[in-house]
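Presented below is the structure to which this report refers.
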Amino acid sequence: MNDKEKIKVLLVDDHEMVRYGLETYIRLSDDLELVGEAADGEEAVHVCDQLHPDIILMDMIMPRMNGVEATRIIHQRYPQVGIIAITSFEDEHMVQSAIQAGATSYLQKNITLSELQDAIRKTYQGKRVLSPEASQALVNLSSSP
């Protein structure tokens, strides 16, 4: 696979160690290319404007601008960009807010390398990937009175 066929990925997380770990995962894949990083939502919007990634791995809880707001802005500007909300929190309303803001997929940070790679590829194809926790959260919200 040549560079033109690689899926361009942008990492957005306020924790440097999380970005480093995700970067390592991405670099292990022949068909994925890390094109940039951002430490908060404001920076994510700016970097996305410059780099035009295919996929964004977007943390939800960050300073200055959270992931839901950054997702909303990026999705409005670039609806073709796949946004994967990724978090360590199991908040039902956050799942709903992220999906409503334009996130294509929603994952927990406890995923494996192969699950992350698969989610990036599926999201790039326009498919929705939800962690079991996110799926359950959406079911709970839709069935609550």
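The values are calculated or read from the model by the stated rules, or taken from the named source; none is laboratory data. In this text, all values refer to a predicted model and were calculated from it rather than measured experimentally. Cβ coordinates were reconstructed from backbone atoms using ideal geometry, including for glycine residues, and neighbour counts include every protein chain displayed. Side chains included, ligands, DNA and RNA excluded: accessible areas come from the protein's heavy atoms. Shrake-Rupley method; radii C 1.70, N 1.55, O 1.52, S 1.80 Å.
Applying a threshold of 9 Å to beta carbon distances and a minimum spacing of six or more residues, or different chains, the list of pairs starting in segment 28-41 at a residue that is more than 13 Å from residue 61 (Cα to Cα) and ending at one that is modelled with pLDDT of 95 or more and aromatic (Phe, Trp, Tyr) is empty. Counted as qualifying within segment 79-145 are the helices (runs of 4 or more DSSP H) with 1 or more residues that are under 11 Å from the mean Cα position of the chain (by Cα), namely 92-101, 113-124.
Against the test of being crowded, with 18+ Cβ neighbours inside 10 Å and under 22 Å from residue 115 (Cα atoms), the options 47, 35 yield a single qualifying residue, 35. Counting the residues of segment 22-32 that are more than 15 Å from the chain's Cα centre (by Cα) and open to solvent by 20 Å² or more (accessible area, probe 1.4 Å) gives 5. The test for being under 21 Å from residue 140 (Cβ atoms), surrounded by 15 or more Cβ atoms within 10 Å (Cβ to Cβ) and touching a Lys or Arg at 6+ places or on another chain (Cβ under 6 Å) holds for residue 101.
When residue 107 is evaluated against the numbered criteria (1) closer than 18 Å to residue 13 by Cα; (2) in contact (Cβ under 8 Å) with a residue 40 or more places away in the chain; (3) touching a strand residue (DSSP E or B) at 6+ places or on another chain (Cβ under 6 Å); (4) not small (Gly, Ala, Ser), which criterion, by number, is the only one it fails? The number of the failed condition is (2).
Each row is one residue, and each column tells you yes or no for (1) in contact with a strand residue (DSSP E or B) (Cβ under 9 Å, 6 or more places away or on another chain); (2) in a strand (DSSP E or B); (3) under 25 Å from residue 110 (Cα atoms).
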position	(1), (2), (3)
30	no, no, yes
33	yes, yes, yes
47	yes, no, no
61	yes, no, yes
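Among the residues of segment 95-145, those identified as hydroxyl-bearing (Ser, Thr, Tyr) and farther than 21 Å from residue 25 by Cβ are 97, 135, 142, 143, 144. Just one of the listed residues (61, 55, 73, 84) is among the hydrophobic types (A, V, I, L, M, F, W, C), open to solvent by 40 Å² or more (accessible area, probe 1.4 Å) and either under 18 Å from residue 102 (Cα atoms) or touching a His at 6+ places or on another chain (Cβ under 7 Å) (or both), namely 61.
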